[in-house]
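Following: one structure in structure tokens, then a few remarks.
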Amino acid sequence: MLLGLDSSTQSLTAVLIDPAAGRITYQLSVNFGSDLPHYTSPSGFIPGEKNGEVHANPRMWLEALDLLFSRLATATDLSKVTAIAGSGQQHGSVYLDATFDRRLAGLDPASDLVTQLSPALTRATSPIWMDTSTGSQCAEITTAVGGPAEVCRRSGSITIERFTGPQIRRFYQTDPAAYQRTQCIHLVSSFLASVLAGKSVPIDFGDGAGMNLLNLAQLDWDADLLNATAPNLGDKLLTPAAATTVQGNIATYFVEKYGFSKTCRSALFTGDNPASLVGMGATTPGNVVISLGTSDTFFAAMPGPKTDPNGYGHVFGNPAGGFMSLICFRNGSLAREALRDQLGLDWSAFDRDALAQTRTEAGANLMLPFFGPEITPRHDFTGPVMLGSTTDPALQVRALLEGQFLNMRLHSQWMGVKTERIRLTGGAAKNDGIAQLVADIFQAPVERLDVINSAALGAALIAAAAEGHDLAELQETFCKAEPGSSLQPDPALAHIYDDALARFQTLLDAHR
Ligand code: XUL
């Protein structure tokens, strides 16, 4: 069996797979809010912080690991696990002193991880991806390196508030003594991988690219970005490596305490989005994953480290080799729900009636689908803009959804990869009307997958690949579309949406 872990914002999840039988044998989650209420983080982060700060308690992540393994050991035989890999929420960082490695090497199974490792923390709490406190640090790094296009060309993204480099700079500026004491900086992913391996292990290319520090072309830390971020930063980071690199065997602590085999290997961890690319079976270029959530995300494999000239999209390492894009759209279900409430509709009406009955009106009523500030494109929209004056609710619904997916198509063109297959996931993906619209706008088949924990499954597949299994074959088995869930694009709509795309661009340009 192979074990994949995913430490996300709200929970720690385990997925156990049996590659020979081609099935998931067990899945389990620890919820930070309900299982570990003493951290007073009901949604996994510390509520009520100011100045855009959003932090989480790294002790909680450690305690969750002990709790998850104790539950897993009761439910399954962990001695059958031959390798472990994992993923973490991206960008979050953990700061450790010179005692961290010694503490890891000497972990005593009679005690627990929090007690033994937390004295090594030089920063009590970890900034996570929701943190927006680093505007001035982003500007300083950008100026020092020669402007946003240069930072993007090197690191795959312009400086972004939640990315780890600007967060590290802020820590260095606000608490220089603690920064000085910090011997090693980890991401959530590499922190947990280090705990499992019983020694500090590298950050992988997938998660490392979310730091504004990794030079994508060289797949190594960029000396100028390091210097622009904080002094001696290069000394505090291990050389990055591929996610499928095996680091050695799991630490004795886990063997003795939870019954893992001494020969169980531990691979590197990656970011949750790169792991999801694997778990959604989308690691080869041409495959696109669209996840419909509070925010919508678009991610896709890319052969080379091409970057978004507008600086909206990000480029990360693809755990299967090559690269991937990640583009976030803030107005996802936030906007869908706002219009639904405004029109007093329910979702089934959206699907069954609104979209089905208005197919002849495809592309006719354009809408800029932004109910509030957007990040792709970056602009403080104050509300949607509708071209044309229809008051028909069904046509407004169609215009909103078309606007969302035209915007997605427009802002993913920089990748230069033809979309051959879309895998749709997230709450609204079940909606056949929405899925058909995505197929028509991108002119590519759309499939739905019944994968609940795509990042943890992806991590289990990475563990299998690190063990020598063929990743493409594993994905064929584990990442199959739900039977009957595939939808083909209507070729008659191809030119209609090409034309709508051009008009959408014009409308957008006129409102910024
Ligand atoms: C990606 C990002 C989020 C986190 C969520 O850039 O910030 O998707 O990875 O866990």
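The values are calculated or read from the model by the stated rules, or taken from the named source; none is laboratory data. Since the structure is predicted, the reported quantities are computational estimates derived from the model, not experimental observations. Ideal geometry is used to build each Cβ from the backbone, glycine not excepted, and the neighbour counts take in all protein chains shown. All accessible areas refer to the heavy atoms of the entire protein, side chains included, with ligands and DNA or RNA removed. Shrake-Rupley method; radii C 1.70, N 1.55, O 1.52, S 1.80 Å.
What to note about this one:
- Filter result (surrounded by 15 or more Cβ atoms within 10 Å (Cβ to Cβ), over 19 Å from the mean Cα position of the chain (by Cα) and not hydrophobic (A, V, I, L, M, F, W, C)) within segment 34-57: Asp35, Tyr39, Ser41, Glu49, Glu53, Asn57
- Residues located in segment 39-95, provided they are without any contact (Cβ under 8 Å) to a residue 24 or more places away in the chain and either of a type in the set (A, V, I, L, M) or within 16 Å of the ligand (Cβ to nearest atom) (or both): Ser41
- Looking at Asp66, Asp131, just one residue is of a type in the set (D, E, K, R) and under 22 Å from the mean Cα position of the chain (by Cα), and that residue is Asp131.
- Contacts under 6 angstrom Cβ, first residue in segment 259-280 being among the basic types (Lys, Arg), partner part of a helix (DSSP H, G or I) and surrounded by fewer than 24 Cβ atoms within 10 Å (Cβ to Cβ), 6 or more apart: Lys262/Val255
- Where Phe299 falls short, out of the listed (1) within 14 Å of the ligand (Cβ to nearest atom); (2) surrounded by fewer than 23 Cβ atoms within 10 Å (Cβ to Cβ): (2)
- Index of the failed condition, Leu343 passing every other in (1) out of contact with any Pro (no Cβ under 9 Å at 6 or more places or on another chain); (2) open to solvent by 20 Å² or more (accessible area, probe 1.4 Å); (3) in contact (Cβ under 8 Å) with a residue 40 or more places away in the chain; (4) more than 16 Å from the ligand (Cβ to nearest atom): (1)
- Considering residues of segment 192-218 that are in a loop (DSSP other than H, G, I, E, B) and over 21 Å from Arg162 (Cα atoms) only, the residue most open to solvent (accessible area, probe 1.4 Å): Gln218
- So Glu150, is it away from the ligand (no atom under 16 Å from the Cβ), free of Cβ contacts under 8 Å to residues at least 12 places away in the same chain, among the acidic types (Asp, Glu) and not in a loop (DSSP other than H, G, I, E, B): yes
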